[in-house]
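Take a look at the structure set out below.
The values are calculated or read from the model by the stated rules, or taken from the named source; none is laboratory data. Here the structure is a predicted model, which means the values were calculated and not measured. Because the Cβ atoms are built from the backbone with ideal geometry, glycine has one as well, and the counts that use them run over all protein chains shown.
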Amino acid sequence: MSGSSKRTLIRGGLLIDGTGAEPIDDGAVLIENGKIIEVGPTSQIRSSGAEIIEAGGRTIMPGLIDTHIHIASDGNPNPMKRLKDKHAYTAIRSSVHARKLLEAGFTTIRDAGAHGYTNIATRDAINDGLIPGPRLRAPGYGLTSTGGHGDGYYAPHVEIDNPARVDSPDEVRRATRLMLKMGADCIKFVSATGGVMSDGDEPAAPQFTIEEMAAGIHEAKAHGVHTFAHAQGTTGIKNAIKAGINSIEHGFWIDDEAVEMMKTNDVFFVPTLNAVYQIVEFGEEAGIPAYAVRKATEAQEAHLESFDRARKGGVKIAMGTDAGTPFNKQGENAIEMELMHRAGMPAMDAIVATTKTAAECIRFGDVTGTLEVGKAGDVILVDGNPLDQVSMLRNVEKIHLVMKEGEIFANRM
Ligand SMILES: [Zn+2]
């Protein structure tokens, strides 16, 4: 961007600002030097000196946010196939996915763990302007216990080099410090419990202890970064909360007590309904390992009940897909909004979960997530009204314009 001020006015559209407020029928947003300087009814917004984009009745809304993505992964039915990939190859693939996500309207994401610090490298390349991509939070490796969900995730009996495989509070502290040293801006615990895609463990089984997670969370907090935990079984969920975690990912078995604990401790919930959904939909016939299909099938009903319990109980829900798991594809992330809607969440709430709440969950709440003065010019123009049909956001052809920090990255108008 040049030194002279650059102004863009998007006007004449249904404006959904991401806060959950009533939409404005004929709304506008004025962006200057990458930031929103005015927003409201078109008639009240200045237009002088601005490049004007006529929304033409389309919907103006904040850029979408996915808080749980594996940007290195492509939705292959069997992740075992990725074992031989070099880190450099993984980084290249991540850059391709970054562009895809941005062009689908996702202007901000959080990666949930990758080998070789490739997520950190991808984030830095985006920030340096080397490649197009969303604003990205990156944890480096996800921390795992030996034999836990993140250890040899792709191959249980293969020894792979993993500096984040740790088994005591001191080791967790050291690995957390290592991730921070390498540039992590959040810390992921991949094994508060077992998981679906890991052969040889069960989603209900706790793995990291409270003391182990607490040691890493202490370091993360001291460094000013937030933490999130893959936690599916009830005990592991509660262990992570007791350790001081900021968000619970997946949460298959959230009971009433866990709901209360999450509210009391201001813990977010990232359900990732699509991860389970696609595995059950496609099944073994499509090449997904039998153990994963069994575990996803066993968990799905409880997962939807947990989502309902957490939502009705008032837990803050942030949208996350777990994109990269089987048939959970980069760029098709808005399907999660549809799944949350089908599971009982009103369309406006699904939008807030994918904008405002998602931004807050990954500590970008003061930067993006809503169309408010002072926030980044992260805006999408959508052909239609997602409040009538939230599933339309899945269709990339309907995402007519994608703007990140005032710069247009996709224009299908
Ligand atoms: Zn994940």
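Answer yes if at least one residue in segment 258-276 is under 19 Å from His68 (Cα atoms) and among the acidic types (Asp, Glu), and no otherwise. So that I can check it myself, show each step before the final result.
Just the residues of segment 258-276 that are under 19 Å from His68 (Cα atoms), to begin with: 262, 266-276.
In the following step, the residues that additionally are among the acidic types (Asp, Glu) were identified as 266.
Scanning segment 258-276, I find at least one residue that is under 19 Å from His68 (Cα atoms) and among the acidic types (Asp, Glu), so the answer is yes.
For segment 221-245, give me each residue that is touching a residue at least 12 places away in the same chain (Cβ under 8 Å), away from the ligand (no atom under 16 Å from the Cβ) and of a type in the set (A, V, I, L, M, F, W, C).
Val225, Ile241, Ala243
Taking segment 1-58 on its own, how many of its residues are farther than 23 Å from Asp383 by Cβ and of a type in the set (A, V, I, L, M, F, W, C)?
The qualifying residues number 2.
Go through segment 107-120 and report how many residues are within 16 Å of the ligand (Cβ to nearest atom) and either part of a strand (DSSP E or B) or hydroxyl-bearing (Ser, Thr, Tyr) (or both). Break it down into steps so the answer makes sense when it comes.
Kept after step one, since they are within 16 Å of the ligand (Cβ to nearest atom), are these residues of segment 107-120: 109-115, 118-119.
From what's left, either part of a strand (DSSP E or B) or hydroxyl-bearing (Ser, Thr, Tyr) (or both): 109-111, 118.
The total comes to 4.
Looking only at segment 88-98, filter to residues that are among the polar types (S, T, N, Q) and at pLDDT 95 or above; which one of those is surrounded by the most Cβ atoms within 10 Å (Cβ to Cβ)?
In the first step, residues of segment 88-98 are kept if they are among the polar types (S, T, N, Q); the result is 90, 94-95.
With at pLDDT 95 or above added as a condition, the list becomes 94-95.
Details: Ser94: 28, Ser95: 20.
Here the answer is Ser94.
What residue, among those in segment 290-302 that are closer than 16 Å to Met80 by Cβ and away from the ligand (no atom under 16 Å from the Cβ), is surrounded by the most Cβ atoms within 10 Å (Cβ to Cβ)?
Among those that are closer than 16 Å to Met80 by Cβ and away from the ligand (no atom under 16 Å from the Cβ), it is Val293.
Step by step: first the residues of segment 249-262, then only those that are more than 18 Å from the chain's Cα centre (by Cα) and buried (at least 24 other Cβ atoms within 10 Å of the Cβ), then the one that is nearest to the ligand (Cβ to nearest atom). Which residue is that? Please lay out each step first, then the result.
Pass one, segment 249-262, residues more than 18 Å from the chain's Cα centre (by Cα): 253-262.
Applying the additional criterion that residues be buried (at least 24 other Cβ atoms within 10 Å of the Cβ) yields 254, 258, 262.
Details: Ile254: 17, Ala258: 19, Met262: 19 Å.
Of everything passing the filter in segment 249-262, Ile254 is nearest to the ligand (Cβ to nearest atom).
Taking only pairs six or more apart or across chains, which ones have beta-carbon atoms under 8 Å, a first residue in segment 99-127 that is on the phi > 0 side of the Ramachandran plot and modelled with pLDDT of 95 or more, and a second residue that is hydrophobic (A, V, I, L, M, F, W, C) and assigned to a helix (DSSP H, G or I)?
Final answer for the pair search is Gly105/Leu393; Gly105/Val396.
For segment 25-52, enumerate the residues that are surrounded by fewer than 20 Cβ atoms within 10 Å (Cβ to Cβ), among the β-branched types (Val, Ile, Thr) and closer than 24 Å to Ala359 by Cα.
Ile37
Here is a yes/no grid of residues against (1) in contact with a Ser or Thr (Cβ under 9 Å, 6 or more places away or on another chain); (2) surrounded by fewer than 21 Cβ atoms within 10 Å (Cβ to Cβ):
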{"residue": "Leu130", "(1), (2)": "yes, yes"}
{"residue": "Leu136", "(1), (2)": "yes, no"}
{"residue": "Gly142", "(1), (2)": "yes, no"}
{"residue": "His149", "(1), (2)": "yes, no"}
{"residue": "Met179", "(1), (2)": "no, no"}
{"residue": "Ala184", "(1), (2)": "yes, no"}
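Within segment 192-232, can you find the residues that are farther than 19 Å from Ile279 by Cβ, within 18 Å of the chain's Cα centre (by Cα) and not β-branched (Val, Ile, Thr)?
The initial filter retains those residues of segment 192-232 that are farther than 19 Å from Ile279 by Cβ, namely 192, 206-229.
From the residues that got through so far, the ones that are within 18 Å of the chain's Cα centre (by Cα) too are 225-229.
If the condition is that a residue be farther than 19 Å from Ile279 by Cβ, within 18 Å of the chain's Cα centre (by Cα) and not β-branched (Val, Ile, Thr), then His226, Phe228, Ala229 are the ones that fit.
When you check Asp85 against the structure, is it closer than 19 Å to Thr107 by Cα and either assigned to a loop (DSSP other than H, G, I, E, B) or modelled with pLDDT under 95 (or both), yes or no? Working first, answer last.
Numbers: closer than 19 Å to Thr107 by Cα: no; either assigned to a loop (DSSP other than H, G, I, E, B) or modelled with pLDDT under 95 (or both): yes.
The answer is no for Asp85.
Mind checking whether some residue in segment 44-65 is modelled with pLDDT of 95 or more, polar (S, T, N, Q) and over 25 Å from the mean Cα position of the chain (by Cα)?
Yes, segment 44-65 contains a residue that is modelled with pLDDT of 95 or more, polar (S, T, N, Q) and over 25 Å from the mean Cα position of the chain (by Cα).
Here's a check for you: in segment 263-286, which residue that is more than 16 Å from the ligand (Cβ to nearest atom) and in contact with a Ser or Thr (Cβ under 9 Å, 6 or more places away or on another chain) is farthest from Ala296 (Cα to Cα)? Steps first, answer last, please.
Quick first cut of segment 263-286, residues more than 16 Å from the ligand (Cβ to nearest atom) only: 263-267, 280-286.
After this cut, where a residue has to be in contact with a Ser or Thr (Cβ under 9 Å, 6 or more places away or on another chain) as well, the list is 267, 280, 283.
Details: Val267: 24, Val280: 6, Gly283: 10 Å.
Here the answer is Val267.
For segment 303-336, how many residues meet the condition of being within 16 Å of the ligand (Cβ to nearest atom) and over 19 Å from Val352 (Cα atoms)?
Qualifying residue count, segment 303-336: 9.
Is segment 190-209 home to any residue that is more than 16 Å from His149 (Cα to Cα) and either part of a strand (DSSP E or B) or of a type in the set (Asp, Glu) (or both)?
From segment 190-209, those more than 16 Å from His149 (Cα to Cα) are none; that's our starting set.
Within segment 190-209, none of the residues are more than 16 Å from His149 (Cα to Cα) and either part of a strand (DSSP E or B) or of a type in the set (Asp, Glu) (or both).
Residues to consider are Ile10, Ile60; find the one that is in contact with a Gly (Cβ under 7 Å, 6 or more places away or on another chain), more than 16 Å from the ligand (Cβ to nearest atom) and either free of Cβ contacts under 8 Å to residues at least 24 places away in the same chain or not in a loop (DSSP other than H, G, I, E, B) (or both). Before you say what the answer is, go through the steps one by one.
Working: Ile10 fails: in contact with a Gly (Cβ under 7 Å, 6 or more places away or on another chain).
Criteria check complete, one pass: Ile60.
Identify all residues within segment 319-352 that are under 16 Å from His303 (Cβ atoms) and in contact with a strand residue (DSSP E or B) (Cβ under 9 Å, 6 or more places away or on another chain); write none if there are none.
Met319, Gly320, Thr321, Asp322, Glu336, Met340, Met345
Would you say Ile279 is among the aliphatic types (A, V, I, L, M), within 20 Å of Met319 (Cβ to Cβ), in the same structural domain as Ala112 (by TED's automatic domain parsing) and buried (at least 21 other Cβ atoms within 10 Å of the Cβ)? Explain how you work it out, then say what you get.
Values: among the aliphatic types (A, V, I, L, M): yes; within 20 Å of Met319 (Cβ to Cβ): yes; in the same structural domain as Ala112 (by TED's automatic domain parsing): yes; buried (at least 21 other Cβ atoms within 10 Å of the Cβ): yes.
Yes, satisfied.
Return the residues of segment 165-177 that are farther than 17 Å from His149 by Cα, among the hydroxyl-bearing types (Ser, Thr, Tyr) and surrounded by fewer than 19 Cβ atoms within 10 Å (Cβ to Cβ); say none if nothing qualifies.
none
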